[in-house]
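First the structure, in the form of structure tokens, and then the observations on it.
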């Protein structure tokens, strides 16, 4: 499988997260395929989103969060640890793009509105990088190209 892992990946957003003024605060790319499991890879296209404070790249193992202007993530979180909070059987399911996108959006909404928990997974880490405050009254939308 290692020979078939993508090591050059384009950042093509699937989700936009907007603030209460309808301004984009983060774009999210989800790659829910084992082809994108490489530990070392180059993520192309980040420079196209300099006007947005944060970018998130999600694969089958990790959630990587980038700040505008950085090509290295400022935070790397374990995908399973976060998403199993919203679906305890997540690790047993076949990972589908749309399902991962839905759970990522559920987590982001929980970080803002606390619909599931007063302390959603990785809330402290998200606060440390300045993203939590920006999620105040956020909305997320799936993008169709």
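When 116, 84, 76 are checked against the criterion of being touching a strand residue (DSSP E or B) at 6+ places or on another chain (Cβ under 7 Å) and under 18 Å from residue 126 (Cα atoms), 76 stands alone in meeting it. Among the residues of the range 29-45, those that are in contact with a strand residue (DSSP E or B) (Cβ under 8 Å, 6 or more places away or on another chain) and at negative phi comprise 29, 30, 31, 32, 36, 41, 42, 43, 44. Among the residues of the range 28-49, are any touching a helix residue (DSSP H, G or I) at 6+ places or on another chain (Cβ under 7 Å), under 21 Å from residue 140 (Cα atoms) and modelled with pLDDT of 95 or more? Scanning the range 28-49 turns up at least one residue that is touching a helix residue (DSSP H, G or I) at 6+ places or on another chain (Cβ under 7 Å), under 21 Å from residue 140 (Cα atoms) and modelled with pLDDT of 95 or more.
Considering only residues that are free of Cβ contacts under 8 Å to residues at least 60 places away in the same chain and closer than 12 Å to residue 30 by Cβ, look in the range 63-106 and name the one that is surrounded by the fewest Cβ atoms within 10 Å (Cβ to Cβ). Taking the candidates together, the pick is 98.
The C-beta contact set for the range 117-128 (first residue at positive phi, second residue in a helix (DSSP H, G or I), distance under 9 angstrom, 6+ apart or interchain) comprises 122/81; 122/82; 122/107; 122/111. Each residue in the range 107-132 was checked for being surrounded by 12 or more Cβ atoms within 10 Å (Cβ to Cβ) and outside any loop (DSSP other than H, G, I, E, B), and 14 of them qualify. Checking the range 90-101 against the condition returns no match, with no residue being out of contact with any helix residue (DSSP H, G or I) (no Cβ under 8 Å at 6 or more places or on another chain), over 27 Å from residue 136 (Cα atoms) and assigned to a strand (DSSP E or B).
The values are calculated or read from the model by the stated rules, or taken from the named source; none is laboratory data. Only a predicted model underlies this, so the values are computations on that prediction, with no experimental measurement involved. Every residue, glycine as well, gets a Cβ built from its backbone with ideal geometry; the counts of neighbours run over all protein chains shown.
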